[in-house]
Every structure is written in structure tokens, then in C-alpha cells.
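Following: one structure in C-alpha cells, then a few remarks.
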2 protein chains.
Amino acid sequence: MTPTAAVHETPRADHQGRRERKKRRTREALVEAAFELFQEKGFDATTVEEIADAVDVSSRTFFRYFASKEEVVLTFQEEQFAAVLEELLARPAGEPVMTALRKTCVSVLRACEDGAFGFDPERFVCIQEMMESSPAVLGRSLEHGQKKQADLTRLIAQRMGVDPSTDLRPHVAAGAATCAFRSAFDAWAMGVTGDKRFSDVLAEIFRLLEEGINYPSKG
Amino acid sequence: MTPTAAVHETPRADHQGRRERKKRRTREALVEAAFELFQEKGFDATTVEEIADAVDVSSRTFFRYFASKEEVVLTFQEEQFAAVLEELLARPAGEPVMTALRKTCVSVLRACEDGAFGFDPERFVCIQEMMESSPAVLGRSLEHGQKKQADLTRLIAQRMGVDPSTDLRPHVAAGAATCAFRSAFDAWAMGVTGDKRFSDVLAEIFRLLEEGINYPSKG
DNA sequence: ACGACAACTGTCAGGCCATGACAGTTTGGC
DNA sequence: GCCAAACTGTCATGGCCTGACAGTTGTCGT
């Protein structure tokens, strides 16, 4: 790797000595300071230098913890996604794929909204607002999601007992799941859904997908 | 708008005098030069200054034609999307939504591959390679697609004769279409599909979506 | 403890992207 | 021809991100 890619992995690995603890603290402090500033003045108006200053480290150091300013935001998406994969593994084996996906996705999302994981629900809203207001964040998020979709595809293929390198169906299922997230976010952001919770919208979209989407044209 | 946002619209508007013609020529020359450089040294390794120099304009002028380096690439996606909307409008009214979407999307994509529109098919491949190699391009593309999905949603709602501000189904259908594109690209990029054409993969994915995705788990 | 070694951080320098301000040139309309 | 609008170039600036190098701190073996 590059000579500067020292820290980028292992946000876990606790109790492994003072150094690990310090790293962990610094990272958390950076996330904390960043979100405080984001909430106060918005993502774009917040500079990396300000974030670093708030934690009293150099901006150079910031970039040793996060590859970009956007990556701070994606920290949560990362954890969320990991949670989905984990819960999906725990679903009963016989359950149809989309049902399992719906239940895990909705469950994880709802947990976020309720502030599980140590997620601050307020921060969760903040992230969603930044997606709307800062194209860079949205872009990175989508990009990140696209990359993670590959992992999900593998897991689904395993669950279906098929080979993802010859069968397109797991790709479709994984795509449908991310599509559900995005459509839900879309509709939710556009205010289509009234005051429903994001997780409820997601559940509804999943149901629609399961019912089939061969909609007739006007008539 | 900002005082620098003079040109950003109307890539059309021909025969309207020397000025319009010059603008059009400059824009096309920039695109041409940019892609030549992209193909030669890659997206990231190509600087805006080089592109501008190749056309003998200042980099400042480049940014009056394109809001970012990535936008040069998205020019084509833009046209592609416009073509999809146009063809979709021309589909027979009674046709089921997903069928209409499949036929138009596949048709447009195939036209691109065959070099219609004045698209250079080789360039079309170049774009797809850049998506894989340059995260920035992929991110912007996804972002752009997400934004355009709103337009598609409206059109679909109209075709279904429902209100997109209360009915989630058009959102789902539009999401499914973009999901199809992305899954197809994924699978195609991963080499899952052998030597099939991208458009064929897309058609297959659409078919799978239409058949329903309530896949059973292993058994 | 102590010293060697690795890991982490700060400083410095620099490149690229993107934008505002301003002045000069070209174009179109009258 | 002349004026106003549109377009471009130059200059200056700010923010993001990275490589290089030196200094500091933690770790581990002895």
C-alpha cells in the first residue's frame, strides 16, 4: 500500500494496548467533532482543517484516518451495512430471499432510528439531510453502496444455493434491495410518504417488490 | 445563478449565429480532446489544464462549459437518458410498464453499442472502463442517475395514470429500472455474463424482474 | 530498565480542482 | 457605427488531498 495507509483498517481491535486505544479515541473524536460542525454549518462549509483543529490534530492526520471528508459520514453506512449482513446470516434458512432481506433491512434501519448501536438518532437524520444537500456525500454514498452490493450478492447466492458467477438472480435480488433503499429514500425525501418513518416506507417498498412489479399502464 | 453560469445550458440551439456555433464547436472540441486524453492516460491522470490546452482555451473557460471534470463523461449519460425518456413516450399506451421500460432501455443501450446517435462505440466502452477505474466518475454517474430517476418516476406515473405523490409504485418501477442498469453493469463488469453484450444482460435482468423476485432459499 | 524497532504525528511543499473578480474582446441588434 | 450583452483570459484564492521527511511515542525483547 501507500506509505500513508497506516491506520485505515481495524476500527475495532480493543484492549490491545495504549496505542490502539489512542487511535480509537482520536477517530471517534474526529467523527464527533465533524458531525457537530456539519450540523452547525453544513457539510460543504465545514473544512477539514476545522475538524482537525477541533480535535487538536493536524489536517494531515485527519487524512490518515479518513481517505476523504465524505468518509466520515460513510462510517455509519459502513456499520449499518455490516449489521445487515450479520442479521441476514441469522435469518431462518428456509425463508424466501426477499422476505429475509426485507426483515433484516427494516430491522436494522429501525434500530438506527431508535438509536441502537450507539447511533444517535439525531445524527441519523443529519446524515440524511446531508445526502440531499451535498451532492458529494450522496455520490460517495451511492458509490459505497454499489461496492458493497457485491458482498450482499455473494451472501444471497449462498443462501439460494446457487453460483453467483453464472446465475444472475442473486445479482438481481441484491440490486433490488439497494434499489429499495434508494427508492424509499427518494420517496421519503420528496415527502411522498407523509410523516411515515423511513423504515416503514422501506418495508412498504419491499412488499411492493415482492408482490411483483408488472404494473399495467393506465386503464 | 452564479455570475459564471453563462453557458451551462443549451447544448443545442443551432444555426443561431456565429456565437452559438462557436460555443458548440468549443464544447465538442473539449469533449473530443478530453476523451482522447482519458483513453491515453486515464481519467485521473488527465488534468483539466491539459484538456483546455489541447483546445487552446484557458482552464477557466473549461469550467464555464462543464461544472466539473466528471461532467464531460456524463454528457453521454445525459443524452442516453433523454433518449430513454423520448422512446418511452413513443411506446404503445397499453403496454405494461416494465415491458415498455425494458424495450426502451434495451433499445437505447443497443443503439449506443452500435454507434447510433453519433456515439462512438469505442468511446462507450471507454466510459464503462472509467466507471470501474475512477471512483469519482462512478460516484457522479450514480448521483446523476439518482437525480434523473425523479423524472422517470413522473413519466411512469403518468403512464400508469396514478399520482406519484401518493402512490409508491411508480417510484418502485423507476427504481427497478435504474437497479436493472446497475445490476447489469455489475454483473457485466464482474465478467459473470461471459461475452454477452451489455444490452443483452440488461434485457435478461429486466426479464427476471418481470418474472418476480420472490426467490426461495436453498432447497 | 533500556534500547531497537515500529507506528503514529506534525510540518512543509506541492498539485489539482473549482470559483469569484475584473478587464479585454467578440458578437448581435439597432 | 455603437452599445449592451455574451464570452474569454488572467489573476488570485481557497479547499482537498498526497508525498517526503523528521520528530515523537508506544511496544517488545532482553
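Side notes on the structure shown:
- Number of the exception - B:Ser141 against (1) open to solvent by 20 Å² or more (accessible area, probe 1.4 Å); (2) within 16 Å of DNA strand C (Cβ to nearest atom); (3) among the hydroxyl-bearing types (Ser, Thr, Tyr): (1)
- On inspection, B:Thr61 passes the criterion of being of a type in the set (S, T, N, Q), part of a helix (DSSP H, G or I), touching a residue at least 24 places away in the same chain (Cβ under 8 Å) and surrounded by fewer than 17 Cβ atoms within 10 Å (Cβ to Cβ).
- Just one of the listed residues (A:Ser107, A:Ser165) is under 25 Å from B:Ser217 (Cα atoms), away from chain B (no Cβ under 13 Å), polar (S, T, N, Q) and surrounded by fewer than 22 Cβ atoms within 10 Å (Cβ to Cβ), namely A:Ser107.
- Criterion: in contact with a helix residue (DSSP H, G or I) (Cβ under 8 Å, 6 or more places away or on another chain), loosely packed, with under 15 Cβ neighbours inside 10 Å and assigned by TED's automatic domain parsing to the domain that holds A:Glu79 - qualifying residue of A:Asp120, A:Asp151: A:Asp151
- Taking segment A:106-219 as the region of interest, the helices (runs of 4 or more DSSP H) fully inside it that hold 2 or more residues being among the charged types (D, E, K, R) and modelled with pLDDT of 90 or more are A:135-160, A:198-211.
- When segment B:68-94 is filtered for residues that are open to solvent by less than 60 Å² (accessible area, probe 1.4 Å) and under 25 Å from B:Lys22 (Cα atoms), the ones remaining, listed by number, are B:Ser68, B:Lys69, B:Glu70, B:Val72, B:Val73, B:Leu74, B:Thr75, B:Phe76, B:Gln77, B:Gln80, B:Ala82.
- Check on A:Met190, open to solvent by 20 Å² or more (accessible area, probe 1.4 Å) and not small (Gly, Ala, Ser): yes
- Exactly one residue out of B:Ala174, B:Ala157, B:Ala189 is of a type in the set (A, V, I, L, M), more than 9 Å from chain A (Cβ to nearest Cβ) and under 17 Å from the mean Cα position of the chain (by Cα), and it is B:Ala189.
The values are calculated or read from the model by the stated rules, or taken from the named source; none is laboratory data. All figures in this text were calculated on a predicted structure; none of them were measured in a lab. Here the Cβ is made from the backbone with ideal geometry for all residues, glycine too, and neighbour counts use every protein chain on show. Side chains are part of the model used for accessible areas, which takes the heavy atoms of the whole protein and leaves out ligands, DNA and RNA. Shrake-Rupley method; radii C 1.70, N 1.55, O 1.52, S 1.80 Å.
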